[in-house]
Amino acid sequence: MALFDLPLEELRTYRSRSVEPDDFDAFWSDTLAEAGTHDLDARFERCADTGLATVEVYDVTFAGFGGHPVKGWFVIPAGTTEPLPVVVEFIGYGGGRNLPHAHLLWASAGMAHFVMDTRGQGSGWAPGDTADPVGSAPSLAGFMTQGIGAPETYYYRRVITDAVRAVEAARSHPLADASRTAVIGASQGGGLALAAGGLVPDLVAVAPDVPFLCDFPRATRMTDRKPYREVGDYLKTHRGRAEQVERTLSYFDGVHFAARCRAPALFSVALEDLTCPPSTVFAAFNAYAHADKEIEVYDFNDHEGGGPFQQAAQLARLPRLLKA
């Protein structure tokens, strides 16, 4: 696929037409307050049989939305005795937390690495272990329209709440330095990183890589590729509900979370990305509130984005922020 979106010079000034709900802040304040009535109950169980010599791995369970159990991994350099900066990572659409040896990068860089499993997902390309009691056990895609009739019932209300609670859980470990926490993720994980960045006020860095869940009004009309197309397929069947659906999605749009982020950011975008069109990524980047923000542009890549090149960019920037 050649370039299909706006020219780069126009992308750098593009603004989303997504309308922020008047009660956006109240909705999320009430949602997180309700989550806070449940004990976080973060449990870290040391894994002794990973076959890994350079890291220590903990199997994590914490209480997310509704007090529901959410799984994760906590990975630190072997022999760690002093608190480390923390990188909290969220997973792309359809994937789960995978196996521990899939998560060696940040511990190898001297960080504590917390990987959140995604409720109900983990059957598309990487296994997961977290059921969604409101939805189902881990299953294949279709999450974009679960409960989409209202923001109170929408699937991503639960997942974003889990993401905020994951930051709390990561910070609760005695070998985590809570004052030096970054959130990262690619695709859906990037969208969740933006959401966490907008809802957790004291992060030191946010790194959304080709982020999903941004600029819904444009994304759901611009690409035929799933997951966004799930919304179009739903509306193709449920005629006349577009306005209702757009209202629901506005409470979960990364553009509105970006406008509330208070930490330096490193984004990435791929100009041939049909899954997360570049204008939707720039919509979030251009709305991002903190002045210290950068975006890596991969001119000839699809949704794989920068891959290891973006990881190299993160390794060059995030440790400086986390160790400052």
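The values are calculated or read from the model by the stated rules, or taken from the named source; none is laboratory data. The shown structure was predicted, so the numbers you read here are calculated from the model rather than taken from an experiment. Virtual Cβ from ideal backbone geometry, glycine too; neighbours counted across all protein chains shown. Surface areas here come from the heavy atoms of the whole protein model, side chains and all, with no ligands, DNA or RNA. Shrake-Rupley method; radii C 1.70, N 1.55, O 1.52, S 1.80 Å.
I'd like the carbon and sulfur percentage of the solvent accessible area for the chain, probe radius 1.4 Å, heavy atoms only, ligands and nucleic acids excluded. Of all accessible area on the chain, carbon and sulfur atoms account for 52 percent. Taking each DSSP H run with n ≥ 4 as -39500 (n - 2.57) and averaging over every residue of the chain yields -9500 deg cm²/dmol at 222 nm.
For the chain, the longest principal axis of the alpha carbon atoms and the long axis of helix 188-199 meet at an angle near 80°.
In this structure the chain gives 39 Å² per residue of accessible area when probed at 1.4 Å with all protein chains present. Within the shell of other residues whose beta carbon sits under 10 angstrom from the beta carbon of G36, the net charge comes to -2, with Lys and Arg scored +1 and Asp and Glu -1.
Structural descriptor for the chain: relative contact order 18 percent, calculated from alpha carbon pairs under 8 angstrom and at least 6 residues apart. Using 0.36 nm per residue and subtracting the Cα-Cα separation, the extra length available between R17 and L99 on full extension is 25.5 nm. For the stretch 273-288 and the stretch 208-238, write down the distance between their C-alpha centroids in whole Å. Each part's Cα centre sits 12 Å from the other's.
Starting from the Kirkwood Rh over alpha-carbon pairs, what translational D in µm² s⁻¹ does the stretch 17-124 have by Stokes-Einstein at 4 °C and 1.567 mPa s? So the translational diffusion coefficient is about 83 µm²/s. In the stretch 187-324, Cα pairs under 8 Å separated by at least six residues give a relative contact order of 29 percent. Once you reduce the stretch 174-204 and the stretch 89-136 to the center of their Cα atoms, the two points are 15 Å from each other.
For the stretch 169-287, the equivalent ellipsoid derived from the Cα gyration tensor has semi-axes of 29, 15, 12 Å, listed largest first.
Taking each residue as 0.36 nm, the span from E152 to L32 lengthens on full extension beyond its C-alpha to C-alpha distance by 42.0 nm.
Karplus-derived 3J(HN,Hα) values for the stretch 93-109, using 6.51 cos²θ - 1.76 cosθ + 1.60 with θ = phi - 60°, are 4, x, x, x, 5, 6, 9, x, 5, 7, 10, 10, 4, 6, 5, 5, 8 Hz; glycine and proline are entered as x. Put simply, the amide H of L84, placed in the peptide plane, has neighbours under 5 Å in A176, D177, leaving out anything fewer than 5 places away on its chain.
In whole Å and largest first, what semi-axes does the C-alpha gyration tensor of the chain yield when each eigenvalue is scaled by 5 and square-rooted? Walk me through the numbers on the way to the answer.
On the way: eigenvalues 169, 103, 67 Å².
Square roots of five times the eigenvalues give 29, 23, 18 Å.
Ranking of R241, R15, R165 by solvent-accessible surface, largest first: R15, R241, R165 (1.4 Å probe, protein heavy atoms only, all chains present).
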